[in-house]
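Below you'll find the structure, written out as structure tokens, and then a few comments.
The values are calculated or read from the model by the stated rules, or taken from the named source; none is laboratory data. Since the model is a prediction, treat every value here as computed from it, not as a measurement. Cβ sites come from the backbone with ideal geometry, for glycine too, and all protein chains shown count toward neighbours. Quick note on the areas: whole protein, heavy atoms, side chains included, nothing else; ligands and nucleic acids left out. Shrake-Rupley method; radii C 1.70, N 1.55, O 1.52, S 1.80 Å.
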Amino acid sequence: MHSNNDSALVLFSGGQDSTTCLAWALSRYARVETIGFDYGQRHAIELSMRPKLLAKMRTLSNDWAQRLGEDHVIDLGLISQLSHTAMTADIAITMQENGLPNTFVPGRNLMFMLVAATLAYRRNLNVLVGGMCETDYSGYPDCRDDSMKALQVALNLGMATRLKLETPLMWINKAQTWTLAQDLGGQPLVDLIRSDTHTCYLGERGSLHAWGYGCGTCPACALRARGYEEFVSGAG
Ligand code: ZN
């Protein structure tokens, strides 16, 4: 389905959500590029999955192979300099008194979008696609729809552009994210996401569960496993 001639830059981490967002963009836009961020994640597994995932995405559809362009990896090591959290340092994942998990890096998603906007400007891409989600989110305020809408306004004012920020997962849950992947790329895409995307906060890739690889107990694994169970049981 071609909705228009827009071109998109997808925030692509190599996880389930951003891989589904990439498929969504490849189904809509004539030209799609990807951006990933290296910010000293405590396990670099997610980043290391990206090239293989991108290569496999090209094999799923001739259209996708033609549309999928350059991949950009940006060093955002300043995030680990600025913030000491369970996302970048080797400390246990717990809930903080403010109700946010200590994996929270304040403003991280705002920074990602800002950096993506700067690259999109140079690459002449006019849509930014991100996997931010309010439905199942871990309480990250920078994933909220209002945060993204306000940022879109701020970016366009500050850069004199007409960028559109698209967040196709904003109002759906994890089970519906699997369903979206199935709608976009059928079983081959579901299988690819299951076996080649990485979500686990602990970087565990020992054994393949029904829902993919991971420790099975960290918040990211628990969310992914529950969503997959709902998806296959038809509850999504
Ligand atoms: Zn895990």
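How high is the FRET efficiency from Arg58 to Leu82, r the C-beta distance, R0 30 Å, rounded to 0.05?
Details: r = 35 Å, r/R0 = 1.18.
Computed FRET efficiency for Arg58 and Leu82 comes out at 0.25.
With the Cα gyration tensor of the stretch 165-222 giving a ≥ b ≥ c as the square roots of its eigenvalues, does the rule (a/c under 1.5 for rounded; else a/b larger than b/c for prolate; else oblate) give rounded, prolate or oblate? Intermediate results must be reported in sequence, preceding the final value.
Details: a/c = 2.33, a/b = 1.42, b/c = 1.64.
In terms of gyration-tensor shape, oblate.
When DSSP beta bridges are limited to those with both residues in the chain, what percentage is antiparallel, rounded to the nearest 5? Show your work: numbers first, answer last.
Values: 3 of 20 bridges.
Here the antiparallel bridges make up roughly 15 percent for the chain.
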Hits among lysines - C-alpha to C-alpha of Lys52 under 27 Å, sequence gap 8 or more where chains match: Lys174
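Could you size up the charge dipole of the chain around its Cα centre, putting +1 on the beta carbon of Lys and Arg and -1 on that of Asp and Glu, and report it in debye to the nearest 20?
Values: 20 positive and 23 negative charges, 94 e Å.
Dipole magnitude for the chain comes out near 460 debye.
Could the peptides 63-76, 23-36 be put in order, highest first, of the mean number of other beta-carbon atoms found within 10 Å of their residues? Mind dumping the intermediate values first?
Numbers: 63-76: 15.3, 23-36: 22.6.
Peptide ranking by packing, descending: 23-36, 63-76.
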18 Å Cα-Cα reach of Lys149 towards aspartates and glutamates, excluding residues that sit fewer than 8 places from it in its own chain: Glu134, Glu166
5 Å binning of all Cα-Cα separations within the chain, expressed as whole percents from 0 upward: 1, 7, 14, 19, 21, 18, 12, 6, 2, 0
Ellipticity estimate at 222 nm from DSSP helix runs (n ≥ 4, -39,500 (n - 2.57)) divided over the chain, nearest 500: -14500 deg cm²/dmol
Rel. contact order, % - alpha carbon contacts under 8 angstrom, at least six apart, the stretch 23-85: 51 percent
The stretch 7-197 - percent of accessible surface contributed by carbon and sulfur, probe 1.4 Å: 52 percent
Gain upon complete extension [Asp183, Arg122; 0.36 nm per residue less C-alpha separation]: 18.7 nm
